[in-house]
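Please read the structure below before turning to the comments.
The values are calculated or read from the model by the stated rules, or taken from the named source; none is laboratory data. Note that the structure is a prediction, hence the values are computed from the model and not measured. Reconstructed Cβ throughout: ideal geometry from the backbone, glycine too, with neighbour counts over all protein chains shown. SASA here: full protein model, heavy atoms, side chains in, ligands and nucleic acids out. Shrake-Rupley method; radii C 1.70, N 1.55, O 1.52, S 1.80 Å.
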Amino acid sequence: MTTAEPVPPVTPAPPSTSIAASGLSSLSAEGSTPTTDAAMVKDTLHAYLRKHRAALLAKLDGLAERQARWPLTPTGTNVLGLVKHVAGVQAGYLGLVFDRPLPDAPAWLDSWDGDDMYASLDESTADVVAFHHRSAAHADATIEALDLDARGVVPWWPEGRREVTLHRILVHMAYETARHAGHADIVREMLDGLAGDGDGNLAAKTPEEWAAWRAHLVDIAERAGLPDRPQ
């Protein structure tokens, strides 16, 4: 897809059992007791992390290799690169930071040249997804093995701010994964119109209604930019 091509019709993503199974439904017990202990806090943060992982991976469903790699922004953002990046970040923050490095880590994991933001010709979509699963399993083992107040060191952070707890890194990774899942959602919509995660958060509109809605917003944007618009 290029900027000269027409806007694809919106197609809502189907309900995802993987997102539901790893998502907010697992938080239903929260609030049932008068206190929130450390174990519940860790479970809550872990549940959000799993939900956003599933949402990110779901954005690859149905894409051909070319589509998965296609850069849609001036900085080259692509769906497969986002999945690879999050897998690498996850391996670092929930592995190396707590002196639990991922075994047999790929060489690109130590690169600062953007090698984690795209899949090379030697890597398929299946390769990247498999690495993401391996990274997630290793991260989950770290989360399960350590307490929230377990100490770690982030060597790539500025001196004086490198010492962290598992609690802070869990918050950081849930945020990081959610941020990039949102990027992937927009990039996928630009590729072929597939939008949302099937979790009920996308408005219920037909493709025609979405086209009319977008035209309405274009009209507002055009009229707002007129030089004689009253201030």
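Quick notes
- Rounded tilt (10° steps) of 38-58 against the dominant C-alpha axis of the chain: 40
- Straight Cα distances below 22 angstrom link K59 to the lysines K51, K84, K205, with same-chain residues fewer than 8 positions distant left out.
- For the stretch 135-198, applying the loop criterion from DSSP together with a ceiling of 15 other beta carbons within 10 Å to the trypsin sites (Lys or Arg not before Pro) yields R161, R162.
- Calculated mean residue ellipticity at 222 nm for the chain: -16000 deg cm²/dmol, from DSSP H runs with n ≥ 4 weighted as -39500 (n - 2.57), summed, divided by the residue count and rounded to 500.
- Percent RCO, i.e. relative contact order, over the chain, from Cα pairs under 8 Å lying at least 6 residues apart: 33
- Largest first, the extents of the alpha carbon coordinates of the stretch 139-196 on the three principal axes equal 44, 27, 13 Å.
- Rounded tilt (10° steps) of 125-145 against the dominant C-alpha axis of the chain: 40
- Across all directions, the shadow cast by the convex hull of the stretch 53-108 built on its C-alpha atoms averages 4.9 square nanometres.
- A prolate overall shape is assigned to the stretch 181-231, the ratio a/c of its alpha-carbon gyration tensor axes (a ≥ b ≥ c) being 1.5 or greater and a/b exceeding b/c.
- Cα long-axis angle, helix 207-224 against the chain (0 to 90 degrees, to the nearest 10): 80
- If you take the Cα centroid of the stretch 86-158 and the Cα centroid of the stretch 188-231, the two points sit 36 Å apart.
- Probing with 1.4 Å while keeping every protein chain in the model, the per residue accessible area of the chain equals 57 Å².
- Heavy-atom accessible surface of the stretch 72-231: percent carbon and sulfur, 1.4 Å: 55
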